[in-house]
1. For the range 115-134, check the following and say yes or no: at least one residue is more than 14 Å from the ligand (Cβ to nearest atom), part of a helix (DSSP H, G or I) and in contact with a strand residue (DSSP E or B) (Cβ under 8 Å, 6 or more places away or on another chain).
2. Tell me the residue from ALA117, ALA99 that is among the hydrophobic types (A, V, I, L, M, F, W, C) and loosely packed, with under 14 Cβ neighbours inside 10 Å, please.
3. Within the range 21-40, can you find the residues that are within 16 Å of the ligand (Cβ to nearest atom) and not aliphatic (A, V, I, L, M)?
4. With respect to PRO149, determine if the residue is surrounded by fewer than 22 Cβ atoms within 10 Å (Cβ to Cβ) and in a helix (DSSP H, G or I).
5. When you go through (1) surrounded by fewer than 16 Cβ atoms within 10 Å (Cβ to Cβ); (2) hydrophobic (A, V, I, L, M, F, W, C); (3) under 17 Å from ALA317 (Cα atoms) one by one for LEU218, which number turns out not to apply?
6. Filter the range 152-163 down to the residues that are modelled with pLDDT of 90 or more and either part of a helix (DSSP H, G or I) or of a type in the set (Lys, Arg) (or both) and list them by number.
Amino acid sequence: MAERPWGFWTESKLDMLSAYLPAFTTASKKAPSTVYLDLFAGQAKNVSRDTGRPIQGSLLRALQTKPPFTVVRGFELQHKRAQSLQEAFRAEFPNRDVAVHAGDVHGALPSALAALAAYRSSPTFAFIDPDGVEARWELLETLAAHKAPQSTKVELFLLLTSPQIVRVVNNSLDPHDLEHAKKKITELFGSTEWQPILDGRQSGMLDAERTRDELTNLMRWRLEKTLGYRFTHTLRLTNVSGAPLYGMIFATDHPVGDKIMKSVYQKAAERFPEMRREARARRRDRKELESGFNPLFTHAELAQDAPLGAHESYQHAPPVPPYGQTVPDPGSLLPTRVECRDGTGCGASPSTGTR
Ligand SMILES: C[S@@+](CC[C@H](N)C(=O)[O-])C[C@H]1O[C@@H](n2cnc3c(N)ncnc32)[C@H](O)[C@@H]1O
């Protein structure tokens, strides 16, 4: 099957995964077994849109992790993609306990986890990497409820496409499609708490960036307050022109996981501007080549020697009550409304430095 082309930001996301997984299995060395779950597993062959080089996808990266995971499970909607992964790991990792469930992960996850009941005390990591808004909250609930009562919950590494959410629900849709779009976003968050945020955007109270930050904050808030995760983080990834694409959200109960992912995010935030600059340079080179121009030095070569631009960093801050949420006022019998967080009596600042 054809290779799937990815932008440099996908490599950055997968590099974070590759950096974290060995730290996870190393930190879990004393446990008799470890489990990796890939809820949107993709396909075997992927390629960089910028360099043309092959990119290894998440499931195969998980299988290469050292120390190795005991159990690896993938879920992929498209049967051909699932089959391509099965063929790849059978060839490369014939003796591993690995399987890919073909079909909708929402249907497959509960029974797949039931079959892993023997591993309910094992450190477990789940990568949730949809293309858009197709991961429903019920997946996170199922994962959070999977582990035995005395153990830490399944760690989550989740892609949230906040910019896409704003595009999915838009008032140019006819009423039927708008209702459908709203239902989708409610399923994504497992709640309608996103609605005041989009209302704030429509009324002009929130600009585009604040809206995206509020949506990411809402997801982190719910992971901590509704599912009970102790720590959450987020890092925003952008495309070649710097436009935000998605946030990578991490949730864990374990202080060690929290510490390691902080450092992974910090390194990714530092490396990201360089990757973006190189991708831009390669894009310019391609355009020049197509137009017949043959320069002495390519932009990619020049970009490697140029000094780095603005330093980006990652700073953790906990999520704050969602925008527009009603919270009980301890001094009053009536609930008070948290207005907004835009300087008009609205509370805390965004949750990370790089968003
Ligand atoms: C961004 S890609 C995943 C990339 C993969 N993690 C990798 O590193 O190569 C998202 C994948 O999720 C699959 N997908 C979409 N909806 C799904 C669903 N409901 N259940 C399972 N897989 C789904 C898509 O077919 C697509 O292959």
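1. Start the filter on the range 115-134 by keeping residues that are more than 14 Å from the ligand (Cβ to nearest atom), which leaves 115-124.
This time we only want the ones that are part of a helix (DSSP H, G or I), so: 117-119.
Checking the rest, the ones that are also in contact with a strand residue (DSSP E or B) (Cβ under 8 Å, 6 or more places away or on another chain) come to 119.
There is at least one residue in the range 115-134 that is more than 14 Å from the ligand (Cβ to nearest atom), part of a helix (DSSP H, G or I) and in contact with a strand residue (DSSP E or B) (Cβ under 8 Å, 6 or more places away or on another chain).
2. On the way: ALA99 fails: loosely packed, with under 14 Cβ neighbours inside 10 Å.
Of ALA117, ALA99, the one residue that is among the hydrophobic types (A, V, I, L, M, F, W, C) and loosely packed, with under 14 Cβ neighbours inside 10 Å is ALA117.
3. First, pick out the residues of the range 21-40 that are within 16 Å of the ligand (Cβ to nearest atom): 21, 36-40.
Across the range 21-40, the qualifying residues are TYR36, ASP38, PHE40.
4. no
5. (1)
6. Filtering the range 152-163 for residues modelled with pLDDT of 90 or more gives 152-161.
Listed by number, the list holds a single entry, LYS153.
Yes/no matrix, rows are residues, columns are (1) free of Cβ contacts under 8 Å to residues at least 12 places away in the same chain; (2) over 15 Å from the mean Cα position of the chain (by Cα); (3) within 21 Å of PRO321 (Cβ to Cβ):
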| position | (1), (2), (3) |
| --- | --- |
| GLU224 | no, yes, yes |
| TYR229 | no, yes, yes |
| LEU235 | no, no, no |
| GLY242 | no, yes, no |
| PRO255 | no, yes, no |
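Let's see how each residue does on (1) touching a strand residue (DSSP E or B) at 6+ places or on another chain (Cβ under 9 Å); (2) touching a residue at least 60 places away in the same chain (Cβ under 8 Å); (3) within 12 Å of the ligand (Cβ to nearest atom):
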residue	(1), (2), (3)
GLY42	yes, yes, yes
LYS45	yes, no, yes
LEU59	yes, no, yes
LYS66	no, no, no
VAL71	yes, no, no
GLU76	yes, no, yes
ARG81	yes, yes, yes
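The values are calculated or read from the model by the stated rules, or taken from the named source; none is laboratory data. Only a predicted model underlies this, so the values are computations on that prediction, with no experimental measurement involved. Note: ideal-geometry Cβ built from the backbone for every residue, glycine included; neighbour counts use all protein chains shown.
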